[in-house]
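Student: Mind looking over this structure? Questions follow.
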Amino acid sequence: MRRSIAWQYFYNIPTMEKQRAAQQAELAQKQAANPATPATTTPGANQPTPAAPGQQAGAPATAAPVQSRTTAIAAGPRVKIDTPSISGSIALTGGRIDDVALVKYRETVDPKSPAIDLFSPSGTKEPFYAEFGFVPAAGATTKMPDKDTVWKQEGAGSLTPTTPVTLTWNNGQGLTFKRTISIDDKYLFTIKDDVSNVGDAPVTLYPFGLISRHGTPHVSGYYILHEGLIGVLGDQGLQEYGYKKMDDTKAVEFKVTNAWMGITDKYWAATLLPSPKANVQARFSSNLVGTLRTYQTDYLLDPMTIAIGGTASTATSLFAGAKESATVDAYDKQLGLNKFDRLIDWGWFYFITKPMFWAIDWFFHIFGNFGVAILAVTVLVKLIFFPLANKSYASMAKMKAVQPQLAALKDKYPDDKMKQQQEMMEIYKKEKINPIAGCLPILIQIPVFF
């Protein structure tokens with residue numbers, strides 16, 4: 001049953017959405033070519049469909065105009081987000097977290113330049129957002145909150161580290177959804193959903209979470225730096241899919257526990273953080289909606305059944321912010337995550353590069369200058385390797401001292417290579433020279449300086 005639900009929700013509905021988007025685009029082109037032609041209704045376009053996990057449901061048709069970010073945000077009711085690290089808002093229509101700006105980071109070195117926009121709503125130039133919700137059991141007609149659902153805020157006020165917000169929605173069929181969203185002073189959202197059932201039958205729901213990104217973003221293009229879809233998926237370990245690789249793969253699924261997944265840029269990232277104990281059916285995907293390429297990472301959890309008169313709860317977390325090493329490490333410990341520090345690409349020599357970064361960062365906080373910090377770490381590394389380097393220099397000096405004797409062997413035994421080797425080894429033994437001693441210290445140092 002679960003496989004059929006996943007197929008319906010993650011594949012069949014997105015396919016229908018893509019077909020609908022293509023029909024709308026074709027209709028728009030015909031209308032543009034012949035303005036006198038009256039608008040007609042696309043079959044099924046006005047009928048509510050469950051929001052596919054993100055990308056397809058909110059993707060604009062090919063011919064749809066792109067709105068400015070300000071216009072898109074002002075188009076519907078919102079709850080303001082106000083923290084020391086994040087400003088933005090949550091859309092009450094759809095309940096999406098789709099407006100996040102990182103106020104401590106700017107687009108240029110000018111402190112008055114605009115803050116980095118991480119999330120943006122659908123309809124803008126670069127939509128990027130997180131969404132959470134439920135999938136009904138196979139064959140059920142229970143109405144679920146989707147991208148068009150208008151949630152109601154209990155009370156008033158902004159989402160701050162000290163004031164969570166609560167959103168509610170009643171489906172008119174006996175189910176009341178209550179969502180409590182909280183945030184810390186950094187980049188961690190916590191989303192808790194309570195569903196109560198006053199209907200006439202038990203209801204089974206499958207919680208899901210997703211992060212969707214529309215359009216292929218510009219990347220730095222460094223082969224040693226990953227940008228794209230990422231996650232540590234249980235015993236399958238670190239999984240990294242760049243945008244080109246994801247386009248070729250189309251979709252990849254994982255059934256694991258102790259997992260997290262998301263989308264990362266060079267400096268920023270957004271990741272889904274379900275409970276490490278949860279059984280997760282996770283997926284990375286790339287789809288084409290009209291001419292728009294969309295990328296998504298999502299998960300589906302085990303079902304929860306709500307008895308008549310009962311309530312069920314589920315909770316998850318969302319990281320949306322800057323990849324600050326100390327912050328990422330703190331969340332890794334706080335939430336008991338599976339190697340969340342790998343969100344930062346430390347490269348092949350993880351066990352070397354991370355301690356070196358810590359050292360540079362420590363010196364930076366002392367001197368207030370990264371140039372001086374790098375010089376200080378260079379001196380420190382040289383001091384650490386001085387015994388090895390000194391041993392290498394001493395070995396090379398001994399080798400240089402016996403070069404005349406080695407040259408004389410060639411003249412003494414010009415046609416006897418075997419004898420030359422025997423006499424050479426005797427000289428090395430007599431002078432206590434190890435030819436490998438000069439090379440081994442250098443080999444050990446290569447990964448560090450790389």
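The values are calculated or read from the model by the stated rules, or taken from the named source; none is laboratory data. Everything numeric in this text was worked out from a predicted model, so none of it was measured. Here Cβ is always computed from backbone atoms with ideal geometry, including for glycine, and neighbour counts include all displayed protein chains. Ligands, DNA and RNA are excluded from the accessible area calculation, which covers all protein heavy atoms including side chains. Shrake-Rupley method; radii C 1.70, N 1.55, O 1.52, S 1.80 Å.
Student: Would you please list the contacts, defined by Cβ atoms under 9 Å and residues six or more apart or on different chains, that run from a residue in segment 295-308 that is assigned by the TED database to the domain that holds ALA137 to a residue that is part of a strand (DSSP E or B) and open to solvent by 60 Å² or more (accessible area, probe 1.4 Å)?
Tutor: LEU301/ASN279; ASP302/ASN279; MET304/SER313
Student: Go through segment 92-210 and tell me which strands (runs of 3 or more DSSP E), entirely inside it, have 1 or more residues that are of a type in the set (Asp, Glu), more than 21 Å from THR294 (Cα to Cα) and open to solvent by less than 60 Å² (accessible area, probe 1.4 Å).
Tutor: In segment 92-210, 188-197 are the strands (runs of 3 or more DSSP E) which contain 1 or more residues that are of a type in the set (Asp, Glu), more than 21 Å from THR294 (Cα to Cα) and open to solvent by less than 60 Å² (accessible area, probe 1.4 Å).
Student: Here is a further query. Within segment 226-237, how many residues are surrounded by 14 or more Cβ atoms within 10 Å (Cβ to Cβ) and not in a helix (DSSP H, G or I)?
Tutor: The qualifying residues number 8.
Student: Which of the residues that make up segment 335-348 are open to solvent by 60 Å² or more (accessible area, probe 1.4 Å) and farther than 24 Å from VAL256 by Cα?
Tutor: TRP348
Student: What number of residues within segment 287-314 satisfy the criterion of being outside any strand (DSSP E or B) and not small (Gly, Ala, Ser)?
Tutor: Qualifying residue count for the region: 4.
Student: Checking ILE374 against (1) assigned to a helix (DSSP H, G or I); (2) closer than 30 Å to MET261 by Cβ; (3) open to solvent by 60 Å² or more (accessible area, probe 1.4 Å), which single condition isn't satisfied?
Tutor: (2)
One line per residue, one yes/no per condition, for (1) of a type in the set (Asp, Glu); (2) without any contact (Cβ under 8 Å) to a residue 60 or more places away in the chain; (3) in contact with a Leu (Cβ under 8 Å, 6 or more places away or on another chain); (4) more than 28 Å from ALA282 (Cβ to Cβ):
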{"site": "TYR105", "(1), (2), (3), (4)": "no, no, no, yes"}
{"site": "PRO111", "(1), (2), (3), (4)": "no, yes, no, yes"}
{"site": "GLU126", "(1), (2), (3), (4)": "yes, no, no, no"}
{"site": "ALA140", "(1), (2), (3), (4)": "no, no, no, no"}
{"site": "LEU159", "(1), (2), (3), (4)": "no, no, no, no"}
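Student: Report whether or not THR70 is surrounded by fewer than 13 Cβ atoms within 10 Å (Cβ to Cβ), at pLDDT 85 or above and not in a loop (DSSP other than H, G, I, E, B).
Tutor: yes
Student: Filter segment 398-450 down to the residues that are more than 30 Å from LEU375 (Cα to Cα), of a type in the set (Val, Ile, Thr) and either outside any helix (DSSP H, G or I) or modelled with pLDDT under 80 (or both) and list them by number.
Tutor: If the condition is that a residue be more than 30 Å from LEU375 (Cα to Cα), of a type in the set (Val, Ile, Thr) and either outside any helix (DSSP H, G or I) or modelled with pLDDT under 80 (or both), then VAL402, ILE433, ILE436 are the ones that fit.
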